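The values are calculated or read from the model by the stated rules, or taken from the named source; none is laboratory data. Bear in mind that the values here come from a model prediction, so they are computed numbers and not experimental data. Cβ sites come from the backbone with ideal geometry, for glycine too, and all protein chains shown count toward neighbours. Protein only, heavy atoms only, side chains kept; ligands, DNA and RNA dropped before computing areas. Shrake-Rupley method; radii C 1.70, N 1.55, O 1.52, S 1.80 Å.
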Amino acid sequence: MKILCAFGKNQYGDPSRGLGIEYAAFVPTLRRLGYEVVHFESWDHRVYSDFANLNQSLLRTVEWECPDVMLTVQCAYEIWLETLAEIWNRGNVATICWTTDDSWKYQQVSRFIGPFYHAMTTTYPESVRKYHRDGIRHVLLSNWAANSEYLQEPLRAADCRIPVSFVGAAHGNRYRRLEWLRRQGIDVACFGHGWPTGSIQAQNIPVIMRNSVISLNFANAPGDNQVKARTFEVPGAGGFLLTERAQGLEAVYDIGQEIAVFENDPDLVEKIRYFLNHPHERDAVAKAGFERTCKYHTYEIRLLELVRFALDAKAKCARVAPPLVPESFEECIEQHRAGVAVRALRRMLVAICSAIWGPAFGPRAARRFLWQFSWRFLRSHTFRARGWPGRVFPNLS
């Protein structure tokens, strides 16, 4: 069986940030499961002249490779609804989209693209009800996992060389929170994009986790706190996880026995000090978390279920995708190409936003304004070939 993986190789499509978690985990795992895997780059927009070129390339790849399953991780409007409909109507490809940000992304993205996939995934139980409410029936409740390549028995706290570590990008309120910990006398070794250490190679991340007495995880997200990939990666790598509370944690680990959880910053300080001073309790939790991860939370388990779910959903779906006008893909290409009016709109938006936020941030602010306006008021039109964000800003990632 052949699986086409359409997502980025690097984080956010940026090679300087290192391999993305989806590529680093999904591609080798699917190959270990015995599938033939083809990767299609859909996040690095520098590879393509515009979104029309990207979508044409995806269709050519599907036609040439003839996959049985297409697994995507869709950021926003990079894959058109017309493209998904074309693939659906071929009749021989089961399509499924992996989504893990539905606390905010369901409203902005997932509900609009969901009808054009045979199946969707989500990590939020409450989002399953939203999908069903909106007529999207085939939804798999799944989650992140640990990469079995990096499964390692835990080290004793006494053998670890890093007291407290954090691996992740320096965004949101993380810098402020870690600086506050430093003022409380707790120095955290930070690794990742935006920290002085910079991005680190994927294979080095488990080494850091295993060699840390405590590995921190912040669950903050634009919506509700998330159960993030680190939740599974740390115990799987043989580390001790101290994570911020998020909905659904209790469904995957026994809190207090297999992982440790903090409620707020003062509680975080208290938990760090406690487990640094009680290494035997720390070691017992790390061992139990590792065993639970090996048994229930590897990507082999997740992706085998995902592939079977996609194939089963395709068998239950209609043979023809929801109708779209125009039906000709060539017409879609023509509609997407920027004309005089589109170029004028781009110049106007960039000029206004640059006057407010400066030339460095103006273009990105203009794109964000148009995106926010489009999904709110133009809804599914945003994700079509003639959608305004992709036409007005075809090269701005």
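Among the residues of region 1-46 satisfying the criterion of being at pLDDT below 95 and among the hydrophobic types (A, V, I, L, M, F, W, C), which is surrounded by the most Cβ atoms within 10 Å (Cβ to Cβ)?
Among those residues, the one meeting the criterion is A25.
Could you list, in sequence order, the residues of region 1-17 that are small (G, A, S) and more than 18 Å from V38 (Cα to Cα)?
S16
Filter region 170-179 down to residues that are surrounded by 14 or more Cβ atoms within 10 Å (Cβ to Cβ) and under 16 Å from N225 (Cα atoms), then give me how many there are.
Within region 170-179, residues that are surrounded by 14 or more Cβ atoms within 10 Å (Cβ to Cβ) and under 16 Å from N225 (Cα atoms) number 2.
So which residues in region 250-288 are touching a Gly at 6+ places or on another chain (Cβ under 9 Å) and polar (S, T, N, Q)?
Q257
For region 145-181, which positions are among the charged types (D, E, K, R) and either in a loop (DSSP other than H, G, I, E, B) or in contact with a helix residue (DSSP H, G or I) (Cβ under 7 Å, 6 or more places away or on another chain) (or both)?
If the condition is that a residue be among the charged types (D, E, K, R) and either in a loop (DSSP other than H, G, I, E, B) or in contact with a helix residue (DSSP H, G or I) (Cβ under 7 Å, 6 or more places away or on another chain) (or both), then E149, E153, R156, R161, R177 are the ones that fit.
Name the single residue that is nearest to the chain's Cα centre (by Cα) among those in region 195-229 being within 16 Å of K271 (Cβ to Cβ) and touching a residue at least 60 places away in the same chain (Cβ under 8 Å).
Result: I214.
Any idea which of (1) under 20 Å from P115 (Cα atoms); (2) aliphatic (A, V, I, L, M); (3) open to solvent by 90 Å² or more (accessible area, probe 1.4 Å); (4) in a helix (DSSP H, G or I) is the one V320 doesn't satisfy?
Tallying (1) under 20 Å from P115 (Cα atoms); (2) aliphatic (A, V, I, L, M); (3) open to solvent by 90 Å² or more (accessible area, probe 1.4 Å); (4) in a helix (DSSP H, G or I), V320 fails exactly one: (4).
Kindly evaluate N225 against the criterion of being open to solvent by 30 Å² or more (accessible area, probe 1.4 Å) and within 21 Å of W104 (Cβ to Cβ).
yes
Out of everything in region 231-249 that is open to solvent by 30 Å² or more (accessible area, probe 1.4 Å) and in a loop (DSSP other than H, G, I, E, B), what residue ends up being modelled with the lowest pLDDT?
Q247
So which residues in region 52-70 are open to solvent by 10 Å² or more (accessible area, probe 1.4 Å) and more than 14 Å from G390 (Cβ to Cβ)?
Selection gives S57, L59, R60, T61, E63, W64, E65, C66, D68.
Considering each residue of region 188-230, count those that are touching a helix residue (DSSP H, G or I) at 6+ places or on another chain (Cβ under 7 Å), of a type outside the set (A, V, I, L, M) and in a helix (DSSP H, G or I), and give that number.
Residues in region 188-230 being touching a helix residue (DSSP H, G or I) at 6+ places or on another chain (Cβ under 7 Å), of a type outside the set (A, V, I, L, M) and in a helix (DSSP H, G or I): 1 in total.
Please specify each residue of region 129-139 satisfying the condition of being in a helix (DSSP H, G or I) and open to solvent by 30 Å² or more (accessible area, probe 1.4 Å). Can you show your working first?
At the first step, the residues of region 129-139 found to be in a helix (DSSP H, G or I) are 129-133.
Scanning region 129-139 gives R129, K130, H132, R133.
Anything in region 114-126 that is over 21 Å from H297 (Cα atoms) and surrounded by 23 or more Cβ atoms within 10 Å (Cβ to Cβ)? List them, or say none.
Result: F116, Y117, H118, A119.
When you scan region 140-166, how many residues do you find that are open to solvent by less than 70 Å² (accessible area, probe 1.4 Å), closer than 30 Å to R32 by Cα and touching a Ser or Thr at 6+ places or on another chain (Cβ under 8 Å)?
10
Suppose we filter region 388-397 for residues that are among the aromatic types (F, W, Y) and part of a helix (DSSP H, G or I); how many remain?
Residues in region 388-397 being among the aromatic types (F, W, Y) and part of a helix (DSSP H, G or I): 1 in total.
Among the numbered criteria (1) modelled with pLDDT of 95 or more; (2) within 25 Å of K228 (Cα to Cα); (3) hydrophobic (A, V, I, L, M, F, W, C), which one does V69 miss?
All conditions pass for V69, except number (2).
For S49, work out the one condition from (1) more than 16 Å from C75 (Cα to Cα); (2) modelled with pLDDT under 95; (3) over 16 Å from the mean Cα position of the chain (by Cα); (4) surrounded by 20 or more Cβ atoms within 10 Å (Cβ to Cβ) it doesn't fulfil.
Here S49 clears every test but (4).
Out of region 288-306, which residues are surrounded by fewer than 20 Cβ atoms within 10 Å (Cβ to Cβ), of a type outside the set (F, W, Y) and either in contact with a helix residue (DSSP H, G or I) (Cβ under 8 Å, 6 or more places away or on another chain) or under 25 Å from G256 (Cβ atoms) (or both)? Before you say what the answer is, go through the steps one by one.
Of the residues in region 288-306, the ones surrounded by fewer than 20 Cβ atoms within 10 Å (Cβ to Cβ) are 288, 291-292, 294-296, 300-301, 304-305.
Next, only the ones that are of a type outside the set (F, W, Y) stay: 288, 291-292, 294-295, 300-301, 304-305.
Listed by number, the residues that qualify are A288, E291, R292, C294, K295, E300, I301.
Could you list all residues from region 119-176 that are among the β-branched types (V, I, T), within 26 Å of I272 (Cβ to Cβ) and out of contact with any Asp or Glu (no Cβ under 8 Å at 6 or more places or on another chain)?
I162, V167
Within region 180-192, identify whether any single residue is open to solvent by 30 Å² or more (accessible area, probe 1.4 Å), closer than 24 Å to C294 by Cβ and not basic (K, R), and answer yes or no.
no
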